[in-house]
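Remarks on the structure that follows.
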Amino acid sequence: ASTSATKHEISALTEGCEVYQANGARAYVDAYVAPEIAYRRFSAKEESLLAYADKRERTEKPLLSYATGIRASFVLGSGIAFRTGVSFAHHTERIDYVKETQTITIERKDKDGNVIGTETIHIDIMESDRNKFTYIDIPVMVAYEKDLKDFILSVNGGFGINAMAKQSGKIYKPDQSSLYVLNDTNGEGENNVYRSRAGISLLASVGLNYKYNDRILLMLEPSMRYYLKPITADNYGLEQRYAYFGLNAGIRYRIR
């Protein structure tokens, strides 16, 4: 009787806080959207281009970044998971540039109205534009999931394969006065500045998924994406690198 009572007490104490052991493998489909913060770094390949790198750093400011994606997951009974899918990311920056320079000549006169000198003033007329960066990536990730009573906690890591990178807008040329037009397919900007594929990115995230019901989980997942190579072309004088820090929010649906 004493042993039976002890088992009953342990069961009562652990109910509601125990780790829930899932039986067998299971599969999920995720859909998410993530606001992101972009971290950008310029570096010059030659000392003579340091001023140019500084010019681009000062005239281009990050505005908005976000990512959306669809992802499939296969989870073993041990908690080891494999994930893949497709993600779409968009990043916008503002560039402030000199549209034209007006020259004004001012005459200096004495008290009798005689011209005693002139002064020339140059006034820069500024304009702004939007630079847009678009990425399509295929993530390949390995994860470990801890299945709790009301939540699933996951730690995810892997890499992304970039299928497409596209840019549009304007940036200063190395002469620091004229501009590249990035979406001009016949111009210098399209051919000499950015890659058409951004290469491999490192991916990492930590997820907390709330079990809404037996099939649907609400997903919240801080994430990081870092492109190993600069997104700029090999023959361009600067290296432009990005890391993105986001918060994936979405729905996970259990299909088996």
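For every residue, the table says whether it meets (1) more than 20 Å from GLU60 (Cβ to Cβ); (2) of a type in the set (Gly, Ala, Ser); (3) outside any strand (DSSP E or B); (4) touching a His at 6+ places or on another chain (Cβ under 6 Å).
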site	(1), (2), (3), (4)
PHE88	yes, no, no, no
ARG94	no, no, no, no
VAL98	no, no, no, no
ASN131	no, no, no, no
THR134	no, no, no, yes
ASP137	yes, no, no, no
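Is it the case that LYS61 is open to solvent by 80 Å² or more (accessible area, probe 1.4 Å), in contact with a Gly (Cβ under 7 Å, 6 or more places away or on another chain) and not acidic (Asp, Glu)? Walk me through it before giving the result.
On the way: open to solvent by 80 Å² or more (accessible area, probe 1.4 Å): yes; in contact with a Gly (Cβ under 7 Å, 6 or more places away or on another chain): no; not acidic (Asp, Glu): yes.
Criteria not met by LYS61.
Name the single residue that is surrounded by the fewest Cβ atoms within 10 Å (Cβ to Cβ) among those in segment 197-256 being free of Cβ contacts under 8 Å to residues at least 40 places away in the same chain and over 23 Å from ASN162 (Cβ atoms).
In this case the residue turns out to be ASN213.
Within the group GLY77, GLY117, which residue is over 14 Å from the mean Cα position of the chain (by Cα), farther than 25 Å from GLY199 by Cβ and either free of Cβ contacts under 8 Å to residues at least 40 places away in the same chain or surrounded by 13 or more Cβ atoms within 10 Å (Cβ to Cβ) (or both)? Walk me through how you get there before you give the answer.
Working: GLY77 fails: either free of Cβ contacts under 8 Å to residues at least 40 places away in the same chain or surrounded by 13 or more Cβ atoms within 10 Å (Cβ to Cβ) (or both).
After ruling out the rest, the residue left standing is GLY117.
With the checklist (1) at pLDDT 90 or above; (2) basic (Lys, Arg); (3) open to solvent by 60 Å² or more (accessible area, probe 1.4 Å) in hand, flag the one item ARG56 doesn't pass.
Of (1) at pLDDT 90 or above; (2) basic (Lys, Arg); (3) open to solvent by 60 Å² or more (accessible area, probe 1.4 Å), only one is false for ARG56: (3).
I'd like to check which strands (runs of 3 or more DSSP E) are fully inside segment 158-256 and have at least 2 residues that are closer than 30 Å to GLU145 by Cα and under 14 Å from the mean Cα position of the chain (by Cα). Talk me through it step by step, then tell me what you get.
On the way: elements: 170-172, 179-181, 200-211, 216-227, 238-254.
Those strands (runs of 3 or more DSSP E) span 200-211, 216-227, 238-254.
Looking only at segment 130-178, count how many residues are surrounded by fewer than 17 Cβ atoms within 10 Å (Cβ to Cβ) and touching a Pro at 6+ places or on another chain (Cβ under 7 Å).
Residues flagged as surrounded by fewer than 17 Cβ atoms within 10 Å (Cβ to Cβ) and touching a Pro at 6+ places or on another chain (Cβ under 7 Å) within segment 130-178 amount to 0.
The values are calculated or read from the model by the stated rules, or taken from the named source; none is laboratory data. Quick caveat, the model's predicted, so the values are computed rather than measured. Glycine also receives a Cβ, built like all others from the backbone with ideal geometry; neighbour counts cover every protein chain displayed. These area figures cover heavy atoms from the full protein model, side chains too; ligands, DNA and RNA do not enter into them. Shrake-Rupley method; radii C 1.70, N 1.55, O 1.52, S 1.80 Å.
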